[in-house]
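S.K.: Take this structure first; my questions come after.
The values are calculated or read from the model by the stated rules, or taken from the named source; none is laboratory data. Treat the numbers as computed from the prediction; the structure is a model and nothing was measured. Cβ atoms come from the backbone with ideal geometry, glycine included; neighbour counts cover every protein chain shown. Surface areas here come from the heavy atoms of the whole protein model, side chains and all, with no ligands, DNA or RNA. Shrake-Rupley method; radii C 1.70, N 1.55, O 1.52, S 1.80 Å.
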Amino acid sequence: MNAASTAAAPRPLDGITVVSFEHAIAAPFCTRQLADMGARVIKIERPGAGDFARNYDERVRGLASHFVWTNRSKESLTLDLKHPAAQDVLKRLLAEADVLVQNLAPGAAARQGLSFDALHAAHPGLIVCDISGYGEGGPYQDKKAYDLLIQSEGGFVSVTGSADAPAKAGCSISDIAAGMYAYSGILNALLLRQKTGKGSRVDVSMLESMVEWMGYPMYYAFEGAAPPARAGAAHSTIYPYGPFPVGDGGTIMLGLQNQREWQVFCERVLAQPALATDDRFSSNSLRAANRDALRALIVDAFAKMTLAEVADKLETAGIANASVNDMAAVWAHPQLRARDRWREVGSPQGALPALLPPGSSNAFEPRMDAVPGVGEHTDTVLASLGYGAAEVGRLHAEGAV
């Protein structure tokens, strides 16, 4: 199928309507994936202020970096749920919705009558996805949870960083993990509804999402064994695997996975074939145990070469390697450009670049529409729900929207 055909082709979630009471990252990241696949996502925001993530920073021509990343292709409807008139708007929205997503404070959605149990009888086909820090039930149910706190609680921070100091990830991985499990959980619920005709609840815990991602270090430390040592950007148990300085001041990232690669590395990159059978380095376990001595030898060899020369030797030898790119280099990455992975999306500040969602299909093009302003679609959403111009004006005048 050619590009013109895929641009006009139906998307997997065309016709699906999602109503989201969302803020910060986890739920917005989930619903953006749904919007990418064609769903109509109506984002409920507080009148005036909107999602508080709009004010995290002003790095994207005055817009917040987190918000631009997670909110394209949505419609923004401002709604004050404490106002009586807003309840009729909500009732009409839910009557047309396929999915409700929320990551409000613990218990807030239930207090507002937005729990699955409260909605299921009136809306039997509605899928409700609740995203929270710790999930429903248990002693941590009402505990506040932010990304860094979940990275810590889930053990990630304990195995990340240097030997002297733990570190968090440089991006919101707990939010991302929860958002992606919410996304896949909603897709599962939509498939299940095709079989049963009924909606279901998806309960996503950030802690459980993070702990699932910690499977390797957890099993490595099974039954009280020592956990993987914090090794900075290097691998804690495979060596050499990580960053190494080179002669012109740059840094190369490389990784060896087996004995064949170790031998080739010694012969063709280091030009020291005897190292391959050195008693200190003859197995991965020995190389990891003697990493300081081996690192000194590698750094000394690389000091005589430029970054380009080291990379060329590694590439020729078939040794996995990578550049240690900063953000400017990622924006300009030649592979992303060659694969035509960038598109432009609209925003209140004009056109902005946006990366196509990973996992390309040859059958359709993902939706790549604008990042909305606060309440930008309030009037059009209300009109689509059957409100006349006079009624819309009254709702604005009363502060319900």
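S.K.: Could you give the nm distance between label points at residue 309 and residue 229, where each point is 7 Å from its Cα heading toward the beta carbon?
M.R.: 3.1 nm
S.K.: Using only DSSP helix segments of four residues or longer, with each worth -39500 (n - 2.57), what per-residue ellipticity at 222 nm results for the chain after dividing by its residue count and rounding to 500?
M.R.: Rounded to the nearest 500, it is -10500 deg cm²/dmol.
S.K.: Please turn the phi angles of the stretch 53-67 into ³J(HN,Hα) values with the Karplus equation 6.51 cos²θ - 1.76 cosθ + 1.60 (θ = phi - 60°), one per residue in order, whole Hz, x for glycine and proline.
M.R.: 5, 5, 10, 4, 7, 10, 6, 10, 6, x, 9, 7, 4, 4, 5
S.K.: If you line up the long axis of helix 291-302 against the longest principal axis of the chain, both from Cα atoms, how many degrees apart are they, to the nearest 10?
M.R.: It is inclined by approximately 80 degrees.
S.K.: Strictly over 24 Å apart at the Cα level, which of 43/82; 144/168; 82/198 would you flag in this model? Could you put the intermediate results ahead of the total?
M.R.: Values: 43/82 17 Å; 144/168 18 Å; 82/198 30 Å.
Going by Cα-Cα distance, 82/198 fall outside the 24 Å limit.
S.K.: Between residue 6 and residue 167, take the C-beta separation as r, use R0 = 45 Å, and let me know the FRET efficiency to the nearest 0.05. Could you put the intermediate results ahead of the total?
M.R.: Working: r = 42 Å, r/R0 = 0.93.
With a Förster radius of 45 Å, E is 0.60.
S.K.: What is the spin-label model distance, in nm, from residue 56 to residue 258 if the labels are put 7 Å beyond Cα along the C-beta direction?
M.R.: 4.1 nm
S.K.: Shape call for the stretch 212-338 from the C-alpha gyration tensor, a ≥ b ≥ c root eigenvalues: rounded (a/c under 1.5), prolate (a/b greater than b/c) or oblate?
M.R.: Oblate is the answer for the stretch 212-338, as a/c is 1.5 or above yet b/c matches or exceeds a/b.
S.K.: Oh, and also: Could you give each residue of the stretch 91-103 its phi-based ³J(HN,Hα) in whole Hz, using Karplus coefficients 6.51, -1.76, 1.60 with θ = phi - 60°, and x for Gly or Pro?
M.R.: 4, 5, 4, 5, 5, 9, 8, 9, 9, 10, 10, 8, 9
S.K.: How do 18-29, 134-145, 64-75, 303-314 rank on mean C-beta neighbours within 10 Å, highest first?
M.R.: Highest to lowest by the protection proxy: 18-29, 64-75, 303-314, 134-145.
S.K.: Which ³J(HN,Hα) values, rounded to whole Hz and listed in residue order, are derived for the stretch 139-153 from phi using the Karplus coefficients 6.51, -1.76 and 1.60 in 6.51 cos²θ - 1.76 cosθ + 1.60 with θ = phi - 60°, glycine and proline given as x?
M.R.: x, 9, 3, 9, 6, 5, 9, 10, 3, 4, 5, 6, 4, 6, 5
S.K.: Same structure again: Before I look further, what does the chain give for accessible area per residue, probe 1.4 Å, in whole square angstrom?
M.R.: Details: 19930 Å² over 401 residues.
That works out to 50 Å² per residue.
S.K.: Quick query: amide H of residue 45 versus all other amide H atoms, modeled in the peptide plane; which residues come in under 5 Å with a sequence gap of 5 or more or a different chain?
M.R.: 77, 78, 79
S.K.: Please list, by residue number, everything in the stretch 217-233 whose backbone N is under 19 Å from a paramagnetic label point 7 Å out along Cα→Cβ of residue 184.
M.R.: 217-219
S.K.: Something else about it: Quick one: grab the alpha carbon gyration tensor of the stretch 55-162, order the square roots of its eigenvalues as a ≥ b ≥ c, and give me rounded if a/c is under 1.5, else prolate or oblate depending on whether a/b is larger than b/c.
M.R.: Oblate is the answer for the stretch 55-162, as a/c is 1.5 or above yet b/c matches or exceeds a/b.
S.K.: Tilt of helix 307-317 relative to the longest C-alpha principal axis of the chain, in degrees (0 to 90, nearest 10)?
M.R.: 80 degrees
S.K.: Moving on to the next point. First compute the accessible area of the chain with a 1.4 Å probe, then give the percent of it belonging to carbon and sulfur atoms.
M.R.: In the chain, the share of accessible area belonging to carbon and sulfur is 55 percent.
S.K.: Next question. Can you list the residues, at least 5 places off or on another chain, whose amide H is less than 5 Å from the amide H of residue 101, using H built in the peptide plane?
M.R.: Amide H neighbours of residue 101: 19, 20, 21, 129.
S.K.: Calculate how steeply helix 389-398 sits against the longest principal axis of the alpha-carbon atoms of the chain, using the helix alpha-carbon long axis, and give the answer as 0 to 90 degrees to the nearest 10.
M.R.: 70 degrees
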